[in-house]
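Everything on this sheet refers to the single structure shown next.
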Amino acid sequence: MIEHVASSDVDWSEFARVLAPGGVFVVGTPDYATLTWRVLEWAYLRVHPRGYSTGHINRYTAERLCRELVCAGFEVTGRAYVGGGELIVRATKRG
């Protein structure tokens, strides 16, 4: 859901606050640095003009998401993709 809300409303420090040291945080969002996601979103918008793609107001990239997590006190411990465009990041709260 982080791509559907304003950047100022995504409070990474709150995620870190409620997670115990060493706790695992997993987050997924489209990676707009990938060609796959941009093509999928373009195609979806053509098929379903009122679909969700126009609701993405935050266009995260892997670099940006990982940087924001690290700044909030997490260590990024894994990254994977679903379908080549949906980014899943695993992070551990530093203790």
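The values are calculated or read from the model by the stated rules, or taken from the named source; none is laboratory data. Since the structure is predicted, the reported quantities are computational estimates derived from the model, not experimental observations. Ideal geometry is used to build each Cβ from the backbone, glycine not excepted, and the neighbour counts take in all protein chains shown.
Is the range 63-70 home to any residue that is in contact with a Ser or Thr (Cβ under 8 Å, 6 or more places away or on another chain), surrounded by 12 or more Cβ atoms within 10 Å (Cβ to Cβ) and not charged (D, E, K, R)? Please lay out each step first, then the result.
Looking only at the range 63-70, we keep the residues that are in contact with a Ser or Thr (Cβ under 8 Å, 6 or more places away or on another chain), and these are 65.
Of the ones still in play, those that are also surrounded by 12 or more Cβ atoms within 10 Å (Cβ to Cβ) are 65.
Subset that is not charged (D, E, K, R): 65.
Scanning the range 63-70 turns up at least one residue that is in contact with a Ser or Thr (Cβ under 8 Å, 6 or more places away or on another chain), surrounded by 12 or more Cβ atoms within 10 Å (Cβ to Cβ) and not charged (D, E, K, R).
If Asp9 meets every condition in (1) exposed (fewer than 15 other Cβ atoms within 10 Å of the Cβ); (2) in contact (Cβ under 8 Å) with a residue 24 or more places away in the chain apart from one, which number is that one?
(2)
For the range 39-64, which positions are touching a residue at least 40 places away in the same chain (Cβ under 8 Å), among the aliphatic types (A, V, I, L, M) and under 20 Å from Ser7 (Cβ atoms)?
The one that is touching a residue at least 40 places away in the same chain (Cβ under 8 Å), among the aliphatic types (A, V, I, L, M) and under 20 Å from Ser7 (Cβ atoms): Ile57.
Scanning for something surrounded by 15 or more Cβ atoms within 10 Å (Cβ to Cβ), modelled with pLDDT of 95 or more and of a type in the set (A, V, I, L, M), does the range 39-48 turn up at least one residue? Let's see the steps before the verdict.
Start the filter on the range 39-48 by keeping residues that are surrounded by 15 or more Cβ atoms within 10 Å (Cβ to Cβ), which leaves 40-41.
Pick out the ones that are also modelled with pLDDT of 95 or more and you get none.
No - not one qualifying residue is present in the range 39-48.
Before we move on, is Gly51 at pLDDT below 90, of a type outside the set (D, E, K, R) and surrounded by fewer than 17 Cβ atoms within 10 Å (Cβ to Cβ)? So that I can check it myself, show each step before the final result.
Working: at pLDDT below 90: yes; of a type outside the set (D, E, K, R): yes; surrounded by fewer than 17 Cβ atoms within 10 Å (Cβ to Cβ): yes.
It is true that Gly51 is at pLDDT below 90, of a type outside the set (D, E, K, R) and surrounded by fewer than 17 Cβ atoms within 10 Å (Cβ to Cβ).
Quick one: Thr36 ticks every box in (1) closer than 17 Å to Leu87 by Cβ; (2) in contact with a strand residue (DSSP E or B) (Cβ under 7 Å, 6 or more places away or on another chain); (3) at pLDDT 95 or above bar one, so which box is it?
For Thr36, the failing item is (2).
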